[in-house]
Amino acid sequence: ALVRVPLKRVPSIRSQLRSEGLLQEFLKENRPDMFGRRYSQCFPPGTP
Amino acid sequence: SLRLGRSSEKIYNFMDAQYFGDITLGTPGQNFSVVFDTGSSDLWVPSTYCVSQACATHKRFRAFESTSFRHDGRMFGIHYGSGHLLGVMGRDNLTVAGMTAKNQEFGESVYEPGSAFVMARFDGVLGMGYPALAEILGNPVFDNMLAQKLLDQPVFSFYLSRKTASGTPEGELLLGGIDEALYNGPINWLPVTAKGYWQIKMDSLVVQGVSPFCSHGCQAIIDTGTSLIAGPTEDILNIQQLIGASPTNIGEFIIDCARLISLPRITFVLGGKEYTLTSEHYVRKEMLGDRMLCFSGFQAVDMVSSEGPLWILGDVFLTQFYSIFDRGQDRVGLATA
């Protein structure tokens, strides 16, 4: 009644796209998820 | 921004997901890789009837080949920023590491939007949140396991490692208990404050000894399906400034790798106990050709719940701290991994 599930760690989609030089294009054409809504984030106005 | 309604709305960010494990559905078994996600409560895998580009690159469930499959007839949908994942529901036997839960409700996706899933190394998602988070699908997997009395205790635990050693898994999910070999020191138990996500109270967030963030307490969720640490935009942008992270033209925040040693420690205070991350923990390193790039592990996400703005403690946090999810006493335990 104890179940041990091994987990694998692999490069993320972001890393794969970056290593293939496709990330910038991908992010322009896709808003992959809700987090994408903040891709235009920058520091608050008036900050150095 | 999201305002969460009667329960919660799951936000998927599979762009950064890294940890997954294997499950088997049906008789004879069909294997799938899934993200074990404490930030959602549904199980879904691609259907053989899915014609989306993303499905073509993944394993797909063939219901007609399973003798234990039961058709449901209901549709389900999961919203993404890029579109709407659509599917049909069914029931079948689910096997995880040799243990079988019978008659598990799950979704078969017949349409997966966008191209984000095309490169994903996992096929689907197995949600481990509370039933309230399963807006459309039925009994979450862990609830079904508990109902069938398959486990010693109503508890599961996550160990996520950033270290890569040949022959050893990079992480472990233990269903039914706690693996005492994978953490040090006492477990700090934190009561769940809202049963949807694994949501807890965060006392404060301290940067270099000063506590300008969440100083009167705030809410946080422990989310194995999220890679980074997320929080309200204003706070996160201030943290990016404090750690010297600069925005790129695609909205990532990059840090000069040579400066890592001088960056401040960031401490999360939970249940009166301090959980400190150094720059080695909260900076994500990536090789691009022969160059090392360093990215901030913090991400701005505005999620508003009835208890206030939510912080999300994802893999960046959970690789340092062993996490225990106790449905019996509705609490989260944390210990040094």
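For every residue, the table says whether it meets (1) within 19 Å of B:Met119 (Cα to Cα); (2) more than 14 Å from chain A (Cβ to nearest Cβ); (3) touching a residue at least 60 places away in the same chain (Cβ under 8 Å).
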| site | (1), (2), (3) |
| --- | --- |
| B:Trp44 | yes, yes, yes |
| B:Glu65 | no, yes, no |
| B:Phe76 | no, yes, yes |
| B:Asp92 | no, yes, yes |
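Only one residue in B:Ala101, B:Ala56, B:Ala120, B:Ala17 is out of contact with any Cys (no Cβ under 6 Å at 6 or more places or on another chain) and modelled with pLDDT of 90 or more. Which one? Steps first, please.
Working: B:Ala56 fails: modelled with pLDDT of 90 or more; B:Ala120 fails: modelled with pLDDT of 90 or more; B:Ala17 fails: modelled with pLDDT of 90 or more.
Within the list B:Ala101, B:Ala56, B:Ala120, B:Ala17, the selection yields B:Ala101.
For segment B:178-196, state whether one or more residues are on the phi > 0 side of the Ramachandran plot, without any contact (Cβ under 8 Å) to a residue 12 or more places away in the chain and not in a strand (DSSP E or B). For segment B:178-196, residues on the phi > 0 side of the Ramachandran plot, without any contact (Cβ under 8 Å) to a residue 12 or more places away in the chain and not in a strand (DSSP E or B): absent.
Of all residues being more than 8 Å from chain A (Cβ to nearest Cβ) and not in a helix (DSSP H, G or I) in segment B:231-251, which is surrounded by the most Cβ atoms within 10 Å (Cβ to Cβ)? Just the residue, please. Give the steps one after another, and end with the answer.
Of all residues in segment B:231-251, those more than 8 Å from chain A (Cβ to nearest Cβ) come to B:231-232, B:235-236, B:238-239, B:242-246, B:248.
Adding the requirement that they be not in a helix (DSSP H, G or I) leaves B:231-232, B:243-246, B:248.
Details: B:Gly231: 28, B:Pro232: 21, B:Ile243: 22, B:Gly244: 17, B:Ala245: 24, B:Ser246: 14, B:Thr248: 13.
Checking each candidate, the answer is B:Gly231.
For B:Ile254, the test of being without any contact (Cβ under 8 Å) to a residue 12 or more places away in the chain, surrounded by fewer than 17 Cβ atoms within 10 Å (Cβ to Cβ) and of a type in the set (A, V, I, L, M) is failed. Tell me yes or no: at least one residue of segment B:141-163 is over 30 Å from A:Ser15 (Cα atoms), crowded, with 22+ Cβ neighbours inside 10 Å and away from chain A (no Cβ under 14 Å). Within segment B:141-163, not a single residue is over 30 Å from A:Ser15 (Cα atoms), crowded, with 22+ Cβ neighbours inside 10 Å and away from chain A (no Cβ under 14 Å). Scan segment B:136-149 and tell me whether some residue there is more than 20 Å from the chain's Cα centre (by Cα) and basic (Lys, Arg). Looking for residues that are more than 20 Å from the chain's Cα centre (by Cα) and basic (Lys, Arg), one finds at least one in segment B:136-149, hence yes. Quick test of your reading of the structure: B:Asp203 fulfils all but one of (1) out of contact with any helix residue (DSSP H, G or I) (no Cβ under 9 Å at 6 or more places or on another chain); (2) crowded, with 23+ Cβ neighbours inside 10 Å. Name the failing condition by number. It is condition (2) that B:Asp203 fails. In segment B:197-209, the residues that are acidic (Asp, Glu) reach residues that are assigned to a loop (DSSP other than H, G, I, E, B) with C-beta atoms within less than 7 angstrom, at least six apart or across chains, in these pairs: B:Asp203/B:Gly217; B:Asp203/B:Gly272.
Checking the conditions here, which among B:Pro131, B:Pro154, B:Pro169 is farther than 24 Å from B:Tyr282 by Cβ and modelled with pLDDT under 95?
Values: B:Pro154 fails: modelled with pLDDT under 95; B:Pro169 fails: farther than 24 Å from B:Tyr282 by Cβ.
None of the other options fit; the residue is B:Pro131.
What are the residues in segment B:291-307 that are within 21 Å of the chain's Cα centre (by Cα) and either among the charged types (D, E, K, R) or surrounded by 15 or more Cβ atoms within 10 Å (Cβ to Cβ) (or both), if any? The answer is B:Phe295, B:Ser296, B:Gly297, B:Phe298, B:Gln299, B:Ala300, B:Val301, B:Asp302, B:Met303, B:Ser305, B:Glu307. For segment B:200-247, taking the residues that are of a type in the set (Gly, Ala, Ser) and more than 13 Å from B:Ile312 (Cβ to Cβ), the one that is farthest from the chain's Cα centre (by Cα) is identified as B:Gly209. From the list B:Lys102, B:Lys59, the one residue that fits, being among the charged types (D, E, K, R) and part of a loop (DSSP other than H, G, I, E, B), is B:Lys59.
Check whether at least one residue in segment B:215-223 is of a type in the set (S, T, N, Q), touching a Gly at 6+ places or on another chain (Cβ under 7 Å), within 20 Å of B:Leu313 (Cα to Cα) and in a strand (DSSP E or B), and report yes or no. Quick ask: steps written out before the conclusion?
Residues of segment B:215-223 of a type in the set (S, T, N, Q): B:215, B:219.
Right, trim to touching a Gly at 6+ places or on another chain (Cβ under 7 Å) and you get B:219.
Narrowing further to those that are within 20 Å of B:Leu313 (Cα to Cα): B:219.
Filter once more, so that each one left must be in a strand (DSSP E or B): B:219.
Yes.
Consider segment B:306-337. How many of its residues are at pLDDT below 90 and not in a strand (DSSP E or B)? Result for segment B:306-337: 2. For B:Gly225, the test of being in contact with a strand residue (DSSP E or B) (Cβ under 8 Å, 6 or more places away or on another chain) and more than 22 Å from B:Ala17 (Cα to Cα) is failed. Here B:Gln320 clears all of (1) touching a helix residue (DSSP H, G or I) at 6+ places or on another chain (Cβ under 6 Å); (2) within 11 Å of chain A (Cβ to nearest Cβ) except the condition numbered (2).
Scanning segment B:262-290 for residues that are within 11 Å of chain A (Cβ to nearest Cβ) and either within 19 Å of the chain's Cα centre (by Cα) or in a strand (DSSP E or B) (or both) yields a count of 5. Please work out if B:Asp223 is within 14 Å of chain A (Cβ to nearest Cβ), of a type in the set (D, E, K, R) and in contact with a Ser or Thr (Cβ under 9 Å, 6 or more places away or on another chain). Criteria met by B:Asp223.
The values are calculated or read from the model by the stated rules, or taken from the named source; none is laboratory data. Source: prediction; values computed, not measured. All Cβ positions, even for glycine, are placed from backbone atoms using ideal geometry, and neighbour counts span all protein chains on display.
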